Amino acid sequence: MNQQRRDFLRKAGLGALAGIGAAAGMLPLFALEKTDMTVFTDKPVPGKVRWGMLVDTRKCREGCNECVVRCHHDHNVPDFGKSKNEVKWIWKSRYEEAFPTASKQFQSPDVENRNVLTLCNHCAEPPCTRACPTEATFRRWDGIVSMDYHRCIGCRFCMAACPYGSRSFNWQDPRPAVKELSATYPTRERGVVEKCNFCSERLVKGQLPACVESCAGNALTFGDLNDPGSELRKMLAANETMQRKPELGTLPSVFYII
Amino acid sequence: MIEKALKGSRGYWAWVALLLVLIGLGISAYARQMSLGLGVTGMGRDISWGVYIAQFTFLVGVAASAVMVVLPYYLHNQKAFSKIVIVGEFLAVSAALMCMLFILADMGRPDRVLNVLRYPSPHSMVFWDVMVLNGYLFINLISGWAVLGAEKKGVPPAPWTRPLIYLSIPWAFSIHTVTAFLFAGLPSRHLWLTAVLAPRFLASAFAAGTAILILLTFILRKVASFDAGQEARNKLAVLSAYAGVANFFLLGTEFFTAFYSNVPQHKQSLQYLYFGLEGHAPFVPWMWLSLIMGLVSVGLLISPSIRRQNSWLIAACVGLVLSIWIDKGVGLVIGGFVPTPLEAIVDYVPTATELSVTLGIWSIGLLVLTVLLKTAIAVKTQE
């Protein structure tokens with residue numbers, strides 16, 4: 001066998017191997033590590049589902065902070081106390097703070113002192129995603145306003161745009177301030193914005209959001225706002241509810257019974 | 001041409017050395033910010049922008065005001081501006097550069113700044129601002145430099161400079177309009193959510209920017225024996241005066257709408273800035289100083305007999321620049337965050353680190369301006 005021929009065979013062999021390798025990547029049948037194709041068969045239809053929540057403030061127990069603790073633990077939210085560097089995904093506010101434009105004279109003391117759970121509203125018309133210059137925050141196919149921590153440049157336009165104060169910036173390295181590391185959600189880096197994600201990492205596994213699951217008083221109802229038969233929609237139809245700052249046209253997906 | 005900036009008097013080099021020291025201070029403060037995070041600034045969850053964005057806003061105005069010499073000279077053939085036009089263009093270059101540095105200093109992840117170009121998002125005003133600011137810097141640098149180079153060789157400027165200069169005129173308006181839109185489109189920041197924000201930005205920019213140009217001509221006359229001419233100064237003083245009138249008129253309309261309508265959300269930020277809100281009044285003396293100083297300065301500039309006296313002209317220009325700097329470079333941005341979306345009143349105090357970075361960026365801008373103007377004056381005086 002002459003040198004030229006040997007070279008040709010070697011190159012052809014390498015080419016064939018490369019071809020098989022490429023095909024294996026593209027065609028899951030040949031893949032060494034099988035891709036779970038079922039994930040792709042139920043490709044989400046944008047706008048079909050719109051996740052929402054109803055907070056029944058009457059059932060929210062005084063002094064109970066279980067949902068906040070559970071959420072902040074599961075999502076590795078750092079604890080900087082009540083400092084200017086505070087990071088929070090869900091927290092309790094007073095009625096007047098949560099609904100500043102719905103305050104009224106001679107409010108009943110019960111409502112005036114009531115704690116209202118505040119979190120990202122996952123608006124149908126979110127001002128934050130409009131302001132973001134890199135699509136690092138975006139509205140998902142299921143209505144969840146999500147964050148890409150790897151794309152965020154930390155300009156904080158979304159924070160200026162959010163009418164609900166639902167967004168936090170990592171003013172310092174969050175990792176040392178995570179008390180007990182949870183394996184359920186990745187930690188973040190300094191310099192990016194974060195917020196409630198409606199537990200998209202749990203929804204994909206068919207679980208309810210951590211706050212909903214942890215509420216002993218059943219004050220939180222989670223469901224699909226686009227499904228007229230959902231428990232959530234039935235409760236919205238049966239009760240007088242409120243959204244935060246409805247006059248801004250953001251169409252929040254979080255509702256409240258006062 | 002740039003080699004002309006390497007030859008200067010003792011005073012010139014002392015000034016450059018001072019700026020370099022301040023830049024060094026700024027860089028070391030920035031290094032601290034980079035290693036510890038933006039938590040070393042006074043900014044926080046509630047007041048999430050501070051001095052950096054406020055300086056950026058003020059300086060976009062300074063950059064835009066170059067149009068006040070470019071437009072009369074190139075469109076209306078006002079020969080009085082022939083010596084000052086390059087000063088205006090180079091002031092715009094250094095101001096636009098400072099704007100970009102302030103944005104970078106404010107970013108949590110400056111290493112990802114190119115994401116703005118990698119994932120262009122026309123729905124975001126930041127995307128447009130990055131486009132127009134970069135464009136404006138280069139338009140002014142290229143056209144100013146080319147015209148200056150032609151002057152050095154004693155030939156008429158290349159024909160392509162003319163359309164570029166014409167382009168810079170609407171472009172100047174665009175940079176400050178887009179900067180106003182950064183703020184004016186955010187739904188629940190009521191101090192900013194006003195249609196007159198863009199016109200007011202332009203008016204305050206043309207007032208402060210031209211006043212800075214007038215002051216620059218006095219400085220250049222003193223330190224470089226380069227006189228842009230009394231006629232140019234007088235014309236600029238008139239422009240500055242009426243832009244100032246427009247600015248304070250627009251501010252007055254803000255007050256009327258907020259307080260006559262009596263809508264709490266519209267009043268609160270103005271109350272916080274000018275009268276104090278629920279016992280918080282950190283900006284009240286500053287805002288009144290700004291208002292009174294600004295009105296008096298505009299009054300001085302309007303009177304022809306007063307503005308023709310150089311000492312009064314200088315005083316009025318200094319007053320107007322400081323007034324607008326307090327209003328736009330401090331009050332507007334920080335006041336917009338108070339009260340917070342949850343009706344809290346949070347005070348903001350910048351830290352030493354933050355102020356050092358700010359000083360450093362101003363020094364970089366001044367150094368670039370010094371070098372550019374040194375070159376320009378050397379060419380113009382044929383040293």
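Throughout, read-outs are computed from the coordinates displayed, never taken from laboratory work. Because the structure is predicted, anything quoted here is derived from the model rather than measured. In this analysis, Cβ positions are derived from the backbone assuming ideal geometry, glycine residues included, and neighbour counts consider all displayed protein chains.
Explain nothing, just compute: Karplus ³J(HN,Hα) = 6.51 cos²θ - 1.76 cosθ + 1.60, θ = phi - 60°, for every residue of region B:192-203 in order, whole Hz, x for Gly and Pro.
9, 6, 8, 5, 7, 5, 5, x, 5, 4, 5, 5
So if I take the centroid of the Cα atoms in region B:29-102 and the same for region B:108-131, what is the distance between those two points in Å?
Spelled out, the Cα-based centre of one part sits 18 Å from the other.
Would you work out which of A:Ala237, A:Val87, A:Leu117 lies farthest towards the positive end of the dipole of chain A, given +1 charges on the beta-carbon of Lys and Arg and -1 on that of Asp and Glu, about the Cα centre?
My answer, from the dipole projection, is A:Val87.
Hey, could you pull the Cα Rg and Dmax for chain A, both in Å?
Gyration radius and largest Cα-Cα distance of chain A: 24.0, 101 Å.
Can you tally the net charge around B:Thr351? Count Lys and Arg as +1, Asp and Glu as -1, for every other residue whose Cβ sits under 13 Å from the Cβ of B:Thr351.
+1
On a C-alpha basis, how far is the centre of region B:204-219 from the centre of region B:140-202 in Å? Whole number, if you could?
16
Using only the Cα atoms, work out Rg/Rh for the protein assembly as shown, with Rh taken as the Kirkwood radius, to two decimals.
1.05
In whole Hz and in residue order, list the ³J(HN,Hα) couplings for region B:342-348 that follow from phi through the Karplus curve 6.51 cos²θ - 1.76 cosθ + 1.60, θ = phi - 60°; x for Gly and Pro.
9, 6, 8, 10, 10, 8, 10
If you count, for each residue, the other Cβ atoms within 10 Å and average over each peptide, how do B:96-102, B:72-78, B:374-380 line up from highest to lowest?
B:96-102, B:374-380, B:72-78
Could you tell me the relative contact order of region A:69-138? Use alpha-carbon pairs under 8 Å, at least six residues apart, and round to a whole percent.
26
Per residue of chain B, what 222 nm ellipticity follows from adding -39500 (n - 2.57) for every DSSP H run with n ≥ 4, rounded to the nearest 500?
-23500 deg cm²/dmol
Looking at region A:187-248, which trypsin sites (Lys or Arg not before Pro) are in a loop (DSSP not H, G, I, E or B) and have at most 11 other Cβ atoms within 10 Å?
Those satisfying the criteria are A:Lys205.
With unit charges on the beta carbons (Lys and Arg positive, Asp and Glu negative) and the dipole taken about the Cα centre of chain B, which residue among B:Gln33, B:Ala96, B:Ile142 sits farthest to the positive side?
Going by the charge dipole, the pick is B:Ile142.
Quick check on my link table: of B:Lys7/B:Lys328; B:Lys328/B:Lys374; A:Lys48/A:Lys88; A:Lys82/A:Lys195; B:Lys79/B:Lys153, which ones sit more than 26 Å apart, alpha carbon to alpha carbon?
Among B:Lys7/B:Lys328; B:Lys328/B:Lys374; A:Lys48/A:Lys88; A:Lys82/A:Lys195; B:Lys79/B:Lys153, the Cα-Cα distance tops 26 Å for B:Lys7/B:Lys328; B:Lys328/B:Lys374; A:Lys48/A:Lys88.
Given the rule -39500 (n - 2.57) for each run of at least 4 DSSP H residues, summed and divided by the residues of chain A, what is its mean residue ellipticity at 222 nm, to the nearest 500 deg cm²/dmol?
Taking each H run of at least 4 residues, the total per residue is -7000 deg cm²/dmol.
Taking the Cα centre of the protein assembly as shown as origin, sum charge times position over the Cβ atoms of Lys and Arg (+1) and Asp and Glu (-1), and report the length of that vector in debye to the nearest 20.
With only Lys, Arg, Asp and Glu charged at Cβ, the dipole is about 1720 debye.
Please provide three numbers in whole Å: the alpha-carbon extents of region B:2-380 along the principal axes, with the largest listed first.
That works out to 64, 51, 41 Å along the principal axes.
Tell me the label-point distance for the pair B:Asn234, A:Glu112, using the 7 Å Cα-to-Cβ offset, in nm and rounded to one decimal.
The modelled label-to-label distance comes out at 6.7 nm.
For peptide A:157-163, compute the average count of partner chain beta-carbon atoms within 10 Å of each residue's beta-carbon.
If you average over the peptide's residues, the count of other-chain Cβ atoms is 6.
Among B:Asp111, B:Asp347, B:Asp129, which one shows the highest mean-square fluctuation when chain B is modelled as a Gaussian network with alpha-carbon springs under 10 Å?
Of B:Asp111, B:Asp347, B:Asp129, the Gaussian network model singles out B:Asp111 as fluctuating most.
What residue among B:Ala258, B:Ile345, B:Leu300 has its Cα farthest toward the positive end of the dipole of chain B, where the charges are +1 on Lys, Arg and -1 on Asp, Glu, each on the Cβ?
The Cα lying farthest towards the positive end belongs to B:Leu300.
For region B:294-383, what ratio Rg/Rh do Cα atoms give with a Kirkwood hydrodynamic radius?
1.14
Which value, in debye to the nearest 20, describes the size of the charge dipole of chain B about its Cα centre when Lys and Arg Cβ atoms bear +1, Asp and Glu Cβ atoms bear -1, and nothing else is charged?
Using Cβ point charges on Lys, Arg, Asp and Glu, chain B gives about 1120 debye.
What are the ³J(HN,Hα) values, in whole Hz, obtained from phi via the Karplus relation 6.51 cos²θ - 1.76 cosθ + 1.60 with θ = phi - 60°, for each residue of region A:229-235 in sequence order, with x given for Gly and Pro?
For region A:229-235, the Karplus-derived couplings read x, 6, 3, 4, 5, 5, 5 Hz, x marking Gly and Pro.
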